[in-house]
Ligand code: EPZ
């Protein structure tokens, strides 16, 4: 259990470099087993999810080590093709190993945990994509067993641009005979980063970032060096914290073009935003107005992962801020906790109405999920007095020492780690 002690009221000021993207490094680390090669990654964030992925890689027989922001993976000696429940339970997004292990070993089995704090997390689109390439997939009580046989390239049409299903389809297609075209593919920047890594690994992949991705084979290379792209959600979170608290911060090592929708909403809320090619500066007096309604959508729409942080920033915005959460059914768990600070939030199905309040008052809170936990921190920074947030190590799943980052910018944050 981690405990965050936060005293609100400080302005945030200064410059900070943003961590590498969790949602890029996890699929890339999984992809490293698709062939037997040595992979070196730079810009890797220090996250619980990265550590969990390293454990899975070692379980499979890889050498996998992290030193600071550098990760070394040697996948030449894979000796297993399964991921047991004990490891899957730590990181549900490890379903991305399915395509990579299947490509490498010709078979793969995973024990899938059910839903998570965001609601049900089905993998039907993943399995359908693998079946389209000829894999034989059986599901038995939460276990998934795949046999590749002779995989043949084919057109895959995703009914929804699922990020994970797109990634699994790309990885499995690497060893399919002939060309695979993935239609209605997810367009997230993290998919483009995965493509960049796969190309360095010797894959013929193109189209990432668009709705149509083509995979036409693989001529494996022995060694790959790749730098993980910056985390657009971690960047958005820090900007929302400054918007809520007031201040003037400069984020370095970011691609503003990857989170334009978030920048638009913060600008509509009254923040002064200046962007450069790999930096963004935000100034706010902490007194915001309600931005136009926010509707979460697949990229390039407003990212669901930034919905909780932006909601926290808008709790005192004058007027009513309206959110519609279209991606996950359970992504308003933070609302109940925000109300304990005095927030005025009404939920009607997928829509959340935030009526701006004059003040928020520090309270004792509990983080329910990764991004919801970040929202509680942001709201506590904008509240009067002290807040205490109990966190079952959820926030460090996706944020690299967020307490240090906020402290460096002037926030009053004391982080306590309890066994
Ligand atoms: C990725 O999850 C991210 N995780 C999520 O970030 C992110 O919120 C999500 O994409 C959307 O952008 C990683 O990349 C590790 P999806 P993923 O498949 O791949 C439904 C964070 O906080 N769906 O695009 O699981 C699903 O239930 C995390 O960093 C199916 O119905 O997302 C959801 O409603 C949270 N069947 C929607 O699609 C499937 O087979 C989006 O899911 C797969 C998904």
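The values are calculated or read from the model by the stated rules, or taken from the named source; none is laboratory data. In this text, all values refer to a predicted model and were calculated from it rather than measured experimentally. Counting neighbours? That spans all protein chains shown, and the Cβs are built from the backbone with ideal geometry, glycine included.
Answer with yes or no whether residue 349 is modelled with pLDDT of 95 or more, within 28 Å of residue 119 (Cα to Cα) and surrounded by fewer than 16 Cβ atoms within 10 Å (Cβ to Cβ).
For residue 349, the condition - modelled with pLDDT of 95 or more, within 28 Å of residue 119 (Cα to Cα) and surrounded by fewer than 16 Cβ atoms within 10 Å (Cβ to Cβ) - is met.
Are any of the residues in region 7-18 within 30 Å of residue 248 (Cβ to Cβ), touching a strand residue (DSSP E or B) at 6+ places or on another chain (Cβ under 9 Å) and within 16 Å of the ligand (Cβ to nearest atom)?
Step one: of region 7-18, the residues within 30 Å of residue 248 (Cβ to Cβ) are 7-18.
Now drop any that are not touching a strand residue (DSSP E or B) at 6+ places or on another chain (Cβ under 9 Å), which leaves 7-18.
Right, trim to within 16 Å of the ligand (Cβ to nearest atom) and you get 18.
Checked region 7-18: at least one residue is within 30 Å of residue 248 (Cβ to Cβ), touching a strand residue (DSSP E or B) at 6+ places or on another chain (Cβ under 9 Å) and within 16 Å of the ligand (Cβ to nearest atom).
Output the residues belonging to region 295-322 that are away from the ligand (no atom under 15 Å from the Cβ) and not in a helix (DSSP H, G or I).
Across region 295-322, the qualifying residues are 314, 315, 316, 317, 318, 319, 320, 321, 322.
Hey, residue 24 hits all of (1) at pLDDT 95 or above; (2) away from the ligand (no atom under 16 Å from the Cβ); (3) surrounded by 20 or more Cβ atoms within 10 Å (Cβ to Cβ) but one; which does it fall short on?
(2)
Restricting attention to region 117-134, and to residues there that are touching a helix residue (DSSP H, G or I) at 6+ places or on another chain (Cβ under 6 Å) and more than 9 Å from the ligand (Cβ to nearest atom), which single residue is farthest from residue 152 (Cα to Cα)?
130
Which of the following residues is at pLDDT below 95 and either more than 19 Å from the chain's Cα centre (by Cα) or buried (at least 21 other Cβ atoms within 10 Å of the Cβ) (or both): 73, 156, 101, 78?
Details: 73 fails: at pLDDT below 95; 156 fails: at pLDDT below 95; 101 fails: at pLDDT below 95.
Going through 73, 156, 101, 78 in turn, the sole match is 78.
Which of the residues belonging to region 114-142 are under 19 Å from the mean Cα position of the chain (by Cα), modelled with pLDDT of 80 or more, in a loop (DSSP other than H, G, I, E, B) and buried (at least 18 other Cβ atoms within 10 Å of the Cβ)?
Correct list: 123 only.
Considering each residue of region 27-60, count those that are part of a loop (DSSP other than H, G, I, E, B) and away from the ligand (no atom under 12 Å from the Cβ), and give that number. Steps first, please.
Taking region 27-60 and keeping what is part of a loop (DSSP other than H, G, I, E, B), we get 32-37, 43-47.
After this cut, where a residue has to be away from the ligand (no atom under 12 Å from the Cβ) as well, the list is 32-37, 43-44, 46.
Here the count works out to 9.
Would region 297-315 turn up any residue that is in contact with a strand residue (DSSP E or B) (Cβ under 8 Å, 6 or more places away or on another chain), modelled with pLDDT of 95 or more and on the phi > 0 side of the Ramachandran plot?
No, region 297-315 has no match at all.
Among (1) under 18 Å from the mean Cα position of the chain (by Cα); (2) on the phi < 0 side of the Ramachandran plot; (3) buried (at least 16 other Cβ atoms within 10 Å of the Cβ), which single condition is residue 251 missing?
Residue 251 satisfies all of (1) under 18 Å from the mean Cα position of the chain (by Cα); (2) on the phi < 0 side of the Ramachandran plot; (3) buried (at least 16 other Cβ atoms within 10 Å of the Cβ) except (1).
When the residues of region 161-172 are filtered to those that are without any contact (Cβ under 8 Å) to a residue 60 or more places away in the chain and buried (at least 24 other Cβ atoms within 10 Å of the Cβ), which remaining residue is farthest from the ligand (Cβ to nearest atom)? Explain how you work it out, then say what you get.
Residues of region 161-172 that are without any contact (Cβ under 8 Å) to a residue 60 or more places away in the chain, as a first pass: 162, 165-166.
Add one more test, that the residue is buried (at least 24 other Cβ atoms within 10 Å of the Cβ), and what stays is 165-166.
Working: 165: 5, 166: 8 Å.
Among those residues, the one meeting the criterion is 166.
Scan region 74-90 for residues that are out of contact with any strand residue (DSSP E or B) (no Cβ under 7 Å at 6 or more places or on another chain), over 24 Å from residue 203 (Cβ atoms) and in contact (Cβ under 8 Å) with a residue 12 or more places away in the chain and jot them down.
Across region 74-90, the qualifying residues are 87, 89, 90.
Looking at (1) closer than 19 Å to residue 297 by Cβ; (2) not in a helix (DSSP H, G or I), which one does residue 190 not meet, given that it meets all the others?
(2) is the only condition that residue 190 fails.
Residues that are touching a strand residue (DSSP E or B) at 6+ places or on another chain (Cβ under 6 Å), closer than 28 Å to residue 230 by Cβ and free of Cβ contacts under 8 Å to residues at least 12 places away in the same chain: does region 336-352 have at least one?
Checked against the condition, which is being touching a strand residue (DSSP E or B) at 6+ places or on another chain (Cβ under 6 Å), closer than 28 Å to residue 230 by Cβ and free of Cβ contacts under 8 Å to residues at least 12 places away in the same chain, region 336-352 yields no hits at all.
Counting only residues that are surrounded by 17 or more Cβ atoms within 10 Å (Cβ to Cβ) and out of contact with any helix residue (DSSP H, G or I) (no Cβ under 6 Å at 6 or more places or on another chain), which one in region 266-280 is nearest to residue 314 (Cα to Cα)?
Here the answer is 269.
Could you please find all residues in region 207-225 being touching a strand residue (DSSP E or B) at 6+ places or on another chain (Cβ under 9 Å) and without any contact (Cβ under 8 Å) to a residue 40 or more places away in the chain?
As a first pass, look at region 207-225 and keep what is touching a strand residue (DSSP E or B) at 6+ places or on another chain (Cβ under 9 Å): 207, 211-220, 222-225.
Listed by number, the residues that qualify are 207, 212, 214, 219.
Do you know which of the residues in region 193-206 that are in a helix (DSSP H, G or I) and touching a residue at least 24 places away in the same chain (Cβ under 8 Å) is surrounded by the most Cβ atoms within 10 Å (Cβ to Cβ)?
Among them, the one singled out is 194.
Among the residues of region 160-177, what is the count of those that are in contact with a helix residue (DSSP H, G or I) (Cβ under 7 Å, 6 or more places away or on another chain), within 15 Å of residue 212 (Cα to Cα) and outside any helix (DSSP H, G or I)?
Count: 2.
For residue 228, indicate whether it is in contact (Cβ under 8 Å) with a residue 40 or more places away in the chain, under 25 Å from residue 174 (Cβ atoms) and under 18 Å from the mean Cα position of the chain (by Cα). Even if it seems obvious, please write down each step before you answer.
Details: in contact (Cβ under 8 Å) with a residue 40 or more places away in the chain: yes; under 25 Å from residue 174 (Cβ atoms): yes; under 18 Å from the mean Cα position of the chain (by Cα): yes.
Spelling it out, residue 228 is indeed in contact (Cβ under 8 Å) with a residue 40 or more places away in the chain, under 25 Å from residue 174 (Cβ atoms) and under 18 Å from the mean Cα position of the chain (by Cα).
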